[in-house]
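K.L.:
Sharing a structure here in structure tokens format.
The values are calculated or read from the model by the stated rules, or taken from the named source; none is laboratory data. What you see is a predicted model, and the numbers here were worked out from it, not measured in a lab. A quick note on method: Cβ atoms are made from the backbone with ideal geometry, for glycine too, and the neighbour counts reach across all protein chains shown. Surface accessibility is based on the protein's heavy atoms, side chains included, excluding ligands, DNA and RNA. Shrake-Rupley method; radii C 1.70, N 1.55, O 1.52, S 1.80 Å.
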Amino acid sequence: MALTVSQLVSGYGKLQVLFGVSVEVPRRSVVSIVGPNGAGKTTTLLTVMGVVKPWGGVVALEGRDVTKAPPHEKVELGLALVPEGRRLFTDMTVEENLLMGAYSRRARASMHDSLELVYSLFPRLRERRRQKAGTMSGGEQQMLAIGRALMSRPRVLMIDEPSAGLAPKVAGELFQTIARLRDEMSVVLVEQNVAAAFEISDYVYVIEGGRVAASGTPEELGRDDGVRRIYLGV
Ligand code: ATP
């Protein structure tokens, strides 16, 4: 497994949000996490990254226990997160934003190769490399946020709500690019657009109330009447 999350428990202050979430992410796969608003999807990603401290449970990256490692150490070990809302440096150019993503020791060594990799995945970013990030379209900014995370050469890339606020056609292109990332790494995707997530995922977890309510391949979950009715609208 690229990433194994076992019985993860966490929350904010006294508010418990996760009640034992377990997720397995095989190498070179796309695994999606879906579920209703407030279910704990973002909190799961933040806790895996160590931005939110785990109260209990284990996070293992390539078999190594990294539960207590702070976020910058996890980046060094091959984990990256594209947060909700992108968090770009809007007054800096596209290329400057990308270079900001290569701060880890491992990433600095391969910075130029990484830039080529990102530009080959997202040709639009190469065309716009001298443009200020804040003046890019929503879809381009999301590509840039993903590109910046790729600069750390992650083995596991976690992406929170990449399609939020994007037109369907733009979102569709983005999903196709995310699907292609699986040739190089594992992807954990949190998505509101459940149908799109099903299309590109190898495995899907449904989180409700801070617990895994269901999991399976998209085909398996697609046969579950509850999942179909609530999440796929059919
Ligand atoms: P959404 O799809 O709406 O983003 P989600 O499944 O990602 O939902 P989370 O963002 O993980 O859900 O939120 C889970 C719960 O934790 C919610 O009840 C939310 O209000 C609470 N929460 C999230 N962030 C904080 C915070 N910084 N401080 C306190 N409570 C928080």
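K.L.:
Quickly run through segment 17-33 and pick out the residues that are under 17 Å from the mean Cα position of the chain (by Cα), assigned to a strand (DSSP E or B) and more than 9 Å from the ligand (Cβ to nearest atom).
P.N.:
Passing the criteria: Val21, Ser22, Val23, Glu24, Val25, Val30, Val31, Ser32.
K.L.:
Please tell me if Arg148 is at pLDDT below 95 and not β-branched (Val, Ile, Thr).
P.N.:
So Arg148 does not fit the description; no.
K.L.:
Of all the residues that make up segment 38-95, how many are more than 18 Å from the chain's Cα centre (by Cα), of a type in the set (D, E, K, R) and not in a loop (DSSP other than H, G, I, E, B)?
P.N.:
The number of residues fulfilling the criteria is 3.
K.L.:
If Pro83 satisfies every condition in (1) at pLDDT 95 or above; (2) more than 10 Å from the ligand (Cβ to nearest atom) but one, which is the exception?
P.N.:
Condition not satisfied by Pro83: (1).
K.L.:
May I pose another question? Would you be able to tell me the number of residues in segment 154-194 that are farther than 27 Å from Glu76 by Cβ, more than 16 Å from the ligand (Cβ to nearest atom) and open to solvent by 50 Å² or more (accessible area, probe 1.4 Å)?
P.N.:
6
K.L.:
Which of the residues spanning segment 200-218 are closer than 22 Å to Ala80 by Cα and open to solvent by 50 Å² or more (accessible area, probe 1.4 Å)?
P.N.:
Once the filter is applied, which keeps residues that are closer than 22 Å to Ala80 by Cα and open to solvent by 50 Å² or more (accessible area, probe 1.4 Å), segment 200-218 yields Asp202, Tyr203.
K.L.:
Another question about this same structure. Can you pull out every residue in segment 7-16 that is within 10 Å of the ligand (Cβ to nearest atom), in a strand (DSSP E or B) and closer than 12 Å to Lys53 by Cβ?
P.N.:
Within segment 7-16, Ser10, Gly11, Tyr12 qualify.
K.L.:
Is segment 191-199 home to any residue that is at pLDDT 90 or above, under 25 Å from Pro83 (Cα atoms), over 15 Å from the mean Cα position of the chain (by Cα) and not in a helix (DSSP H, G or I)?
P.N.:
Among the residues of segment 191-199, not one is at pLDDT 90 or above, under 25 Å from Pro83 (Cα atoms), over 15 Å from the mean Cα position of the chain (by Cα) and not in a helix (DSSP H, G or I), which makes the answer no.
K.L.:
Regarding Arg86, is this residue within 23 Å of Glu191 (Cα to Cα) and either touching a residue at least 12 places away in the same chain (Cβ under 8 Å) or surrounded by fewer than 17 Cβ atoms within 10 Å (Cβ to Cβ) (or both)? Walk me through how you get there before you give the answer.
P.N.:
Values: within 23 Å of Glu191 (Cα to Cα): yes; either touching a residue at least 12 places away in the same chain (Cβ under 8 Å) or surrounded by fewer than 17 Cβ atoms within 10 Å (Cβ to Cβ) (or both): yes.
Yes; evaluated as a whole, the condition is true for this residue.
K.L.:
Let me ask another. What pairs come up if the first residue lies in segment 37-62 and is under 11 Å from Val17 (Cβ atoms), the second is within 7 Å of the ligand (Cβ to nearest atom) and of a type in the set (S, T, N, Q), and their beta carbons are under 9 Å apart, counting only those six or more places apart or on different chains?
P.N.:
These pairs meet every condition: Val52/Thr43.
K.L.:
Taking the criterion of being buried (at least 21 other Cβ atoms within 10 Å of the Cβ) and either of a type in the set (S, T, N, Q) or within 30 Å of Val17 (Cα to Cα) (or both), would at least one residue in segment 100-119 satisfy it?
P.N.:
For segment 100-119, residues buried (at least 21 other Cβ atoms within 10 Å of the Cβ) and either of a type in the set (S, T, N, Q) or within 30 Å of Val17 (Cα to Cα) (or both): present.
K.L.:
Sticking with this structure for a sec: Could you identify the single residue in Gly50, Gly63 that is among the small types (Gly, Ala, Ser), open to solvent by 40 Å² or more (accessible area, probe 1.4 Å) and modelled with pLDDT of 95 or more? Write out each step before concluding.
P.N.:
Numbers: Gly50 fails: open to solvent by 40 Å² or more (accessible area, probe 1.4 Å).
Result of the check over Gly50, Gly63: Gly63.
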